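Encoded as structure tokens, the structure appears first; notes follow it.
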């Protein structure tokens, strides 16, 4: 049954029940018994029968969003609108600009009467008084190409209608002006638009992307509308005044909605008059879908029930389908994605023969059982406990872009490190005169207020100083040997430590490992049996792991992915691949609880495959452990899961082929030392959610391979994170909120000596709930029973130490309170937060701390970082923030923490990369045929000129933006990138000035200089001077000299301090200089 058939089927049902007749003739229609998405189906079928507007008033915002998402799946979505609450109310800041835009756009649309519309809303959204329809029409401004409009008039119109001027446009209500270019984000548009003027005439109108600020398409006309919630407008109407009396108004619960409006409207003059609203309401056809005390009207009754819970168990689903079909029901499984439909349908058909069901591609919010009509619709996200995410999209700058801007931003007064001159203070961009020509340079103050100007060609040599947060560095003196000595000392130490790292890297790449076979049919069956849809990053990572395993050198790959992002599934597949080649697998985990969790997960996933799985931890008796050891020694166990006990001397694998390490950073030095010998010839896969900087740096330097899983599973929702103080009333409220939705709670208290006092406190606070405690010193069997009881919902609150930090997966526990959160590391807090929000229910994490003024600076920053980075996939960002807060002393080892503060983290990385390249070239040249580094520390050709090359202030006014553009120019590597840069610059700022075009030409000059191997190019006083380095290649030098003599090239060849210098005269433009250098380039390259 396709969705059109679903609508048609229920259209006949409402005819048969005479609901259509009631909607036509009666002022009030009461329909009861609609549960789940059958509400949206009945509403959609009714809407299609009439040529009039339908309004649906849900009880709250979340229900309204879910309802409108259903409607957009069932019927054409062009005329379906969501009307949110006013921006003047106390709402989430993330929704602020979206609400402004949506409300204004809908009010504008409602003044157009050509087509019928659906408006979905809720009581809070219709509480505010609105501007009248007549005023809306008067305030709109329509523009099209070739329209003439005075720029001052347009600017004043925007100010008068609630728009704000900003440097860049990122949200509805923003506008910016750059010469003859207006960027405007109208409240009527999904994307902002760019109007380019020629004098007062509109030459072009283009939509552009708020993230890149680049144009994406051309349009011929646009409509600019006001912020109709703006205080300047007279407001006397309610939403009802926008509809004719023949419109149909549906309520999910009319009693609740009217009571809410009656109570709230009395609180402010900005709110509607309830009596007038209620009077106006009686003019419309009303429909109510809940039992009502206010309506006296005949009922139409449906017999429907909610979709039951199957706890992700495919066998329970198949049993339900079998039983229902025997009772005469027709079963429809409703899927939101084609891949998921195909995968789950195949699993059911192959494993449960003669099972009768239909699969539909339809993204409904809630499944239902229609007992009266013998129809069942089960949604896949409810079958497998996945959160169904709203499809309402927000226009905002991407998180990635924000983070990049944050890291790279420089403010006047920031400390800055120059590769050649050391640490100074950034003093902004400054225009300088060279022979009467303007250029722009970065100004840096050094000791004794000495000033250094950095050419925009040398921006790669400077970095913002970053060390341990708050560290004040020593400012160097220009011309002093102090910086050179500091840098040399740091490099010597780094080189000593990096030597072992590169040696390990070379040894791993050259050592022969076991070459695993290509995927077998069993491997394909295992992957096909995964009931969830792989994310794009999972697919990529899975391929990378297989490629490593099928190569002839030992794999050493780090998989970094946030909690619940599917790392374990990748590990299961890798483990089974090894087992298929008769190899054993060891899985090392940091905690006993996690070893049990992994054992159950692996056992469940591999139950239908030839694979023996065992575990070893302190929960086992001595007799059980002896048996496990024998099975490993004899090869009877294929996969062994355990804590650090796995690397003990008494454990001997018969044929170990793969080692999987979960959360490596949790293990001590002794375990890591054992692992070095343990895994020398064995493929190694490491899983982590928040890599410690050292682990991350190893991967980024190619000492190990890196895969990042940053795509969240479908329909996951961010965990709400909030800092609270230890207040009994607040704690009671948070716990009762979770209990009210039949959930469970973790309460983390990491002191065993008084953990029982916390249990007693919580029992006294909330007497009607059951509280148990668990910690690492408890007897293994007792601990295991408590955890199993919690998983089976036998009690509500688990007071625990951090023993639950890793891997515990309890879908019904969705609130976690962490006591004394200020005492935990940032990655530990992130891991604990990851225990909740793992199913289809929103998770809450409350960080209990003393008041902020009583915390240390570092603790306060950790808590703020957790609150800031609450989005899905933020583990990587948290690791980097941790690095900034704690300092970068542990990248290669604790020995280096001293000089990180002397040179800064970014300069440390540059020197580290340089040391690694030198080691690869000098010490390991015979071992490594290829240098795998992104270092940019080879000497680059320096370009000096007295030509006017810069971005004028009146072209790009923002200093920060000019610096950003200069950085982009400095990273341009080829002609295609130059052309793209020119297009984007012209798009954003208009016709490119000559001085900026010359600047881009100077980049080409630098490229050719680099290719030839020049140390410096000087273009001054109309003379082009080429400076060659002292160690210049003799064969190339001979070729150049021969070329000059053979072709009688007009130049002067000199030797200065044992270095070759070639001088050309009468070079007035950069283009002519480029042509001169091309002669040498073509000969040498």
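Check whether at least one residue in region 772-790 is closer than 24 Å to residue 689 by Cα and free of Cβ contacts under 8 Å to residues at least 24 places away in the same chain, and report yes or no.
no
Does residue 1072 satisfy being more than 18 Å from residue 940 (Cα to Cα) and either part of a loop (DSSP other than H, G, I, E, B) or at pLDDT below 90 (or both)?
Criteria not met by residue 1072.
What's the number of the only condition in (1) surrounded by 15 or more Cβ atoms within 10 Å (Cβ to Cβ); (2) modelled with pLDDT of 85 or more that residue 536 fails to meet?
(1)
Take residue 955 and tell me if it is out of contact with any strand residue (DSSP E or B) (no Cβ under 7 Å at 6 or more places or on another chain) and not in a helix (DSSP H, G or I).
So residue 955 fits the description; yes.
Tell me, yes or no, whether region 971-981 has at least one residue that is under 30 Å from residue 218 (Cβ atoms), touching a strand residue (DSSP E or B) at 6+ places or on another chain (Cβ under 6 Å) and crowded, with 18+ Cβ neighbours inside 10 Å.
The answer is no, given that none of the residues of region 971-981 is under 30 Å from residue 218 (Cβ atoms), touching a strand residue (DSSP E or B) at 6+ places or on another chain (Cβ under 6 Å) and crowded, with 18+ Cβ neighbours inside 10 Å.
Return yes or no: is residue 346 in a helix (DSSP H, G or I) and closer than 30 Å to residue 237 by Cβ?
No.
Please verify whether region 268-283 includes one or more residues that are more than 24 Å from residue 229 (Cβ to Cβ), in the same structural domain as residue 27 (by TED's automatic domain parsing) and in contact with a helix residue (DSSP H, G or I) (Cβ under 9 Å, 6 or more places away or on another chain).
yes
Go through region 457-473 and give me each residue that's at pLDDT 70 or above and surrounded by 14 or more Cβ atoms within 10 Å (Cβ to Cβ).
457, 458, 459, 460, 461, 462, 463, 464, 465, 473
Residue 454: in the same structural domain as residue 491 (by TED's automatic domain parsing), within 24 Å of residue 1019 (Cα to Cα), surrounded by 15 or more Cβ atoms within 10 Å (Cβ to Cβ) and at pLDDT 85 or above, yes or no?
yes
If a residue must be in contact with a strand residue (DSSP E or B) (Cβ under 7 Å, 6 or more places away or on another chain), surrounded by fewer than 17 Cβ atoms within 10 Å (Cβ to Cβ) and in a helix (DSSP H, G or I), how many such residues does region 222-278 contain?
1
Which of the residues spanning region 335-372 are at pLDDT 90 or above, more than 28 Å from the chain's Cα centre (by Cα) and surrounded by 15 or more Cβ atoms within 10 Å (Cβ to Cβ)?
Correct list: 355, 357, 359, 360, 367, 368, 369, 370, 371.
Any idea which of (1) out of contact with any strand residue (DSSP E or B) (no Cβ under 7 Å at 6 or more places or on another chain); (2) modelled with pLDDT under 90 is the one residue 832 doesn't satisfy?
The single condition residue 832 does not satisfy is (1).
Taking the residues in region 585-609 that are closer than 16 Å to residue 685 by Cα and more than 31 Å from the chain's Cα centre (by Cα) as candidates, determine which candidate is surrounded by the most Cβ atoms within 10 Å (Cβ to Cβ).
Looking at residues that are closer than 16 Å to residue 685 by Cα and more than 31 Å from the chain's Cα centre (by Cα), I get 585.
Would you mind telling me which numbered condition in (1) modelled with pLDDT of 75 or more; (2) crowded, with 20+ Cβ neighbours inside 10 Å; (3) touching a helix residue (DSSP H, G or I) at 6+ places or on another chain (Cβ under 7 Å) residue 689 fails?
Condition not satisfied by residue 689: (1).
Right, residue 42: farther than 30 Å from residue 107 by Cβ, in the same structural domain as residue 250 (by TED's automatic domain parsing), over 34 Å from the mean Cα position of the chain (by Cα) and in a helix (DSSP H, G or I) or not?
The answer is no for residue 42.
Restricting attention to region 317-342, which residues are closer than 20 Å to residue 531 by Cβ and part of a strand (DSSP E or B)?
331, 332, 333, 334, 335, listed by residue number.
Are any residues in region 636-645 assigned to a loop (DSSP other than H, G, I, E, B) and either under 18 Å from residue 571 (Cα atoms) or touching a strand residue (DSSP E or B) at 6+ places or on another chain (Cβ under 7 Å) (or both), and if so, which ones?
Of everything in region 636-645, those that are assigned to a loop (DSSP other than H, G, I, E, B) and either under 18 Å from residue 571 (Cα atoms) or touching a strand residue (DSSP E or B) at 6+ places or on another chain (Cβ under 7 Å) (or both) turn out to be 637, 638, 643.
Based on this model, can you work out whether residue 762 counts as part of a helix (DSSP H, G or I), within 28 Å of residue 592 (Cα to Cα), in contact with a strand residue (DSSP E or B) (Cβ under 9 Å, 6 or more places away or on another chain) and at pLDDT below 90?
Spelling it out, it is not the case that residue 762 is part of a helix (DSSP H, G or I), within 28 Å of residue 592 (Cα to Cα), in contact with a strand residue (DSSP E or B) (Cβ under 9 Å, 6 or more places away or on another chain) and at pLDDT below 90.
Being touching a residue at least 12 places away in the same chain (Cβ under 8 Å), more than 30 Å from residue 953 (Cβ to Cβ) and either more than 44 Å from the chain's Cα centre (by Cα) or outside the structural domain of residue 458 (by TED's automatic domain parsing) (or both): is that true of residue 1025 here?
So residue 1025 fits the description; yes.
The values are calculated or read from the model by the stated rules, or taken from the named source; none is laboratory data. Treat the numbers as computed from the prediction; the structure is a model and nothing was measured. Ideal geometry is used to build each Cβ from the backbone, glycine not excepted, and the neighbour counts take in all protein chains shown.
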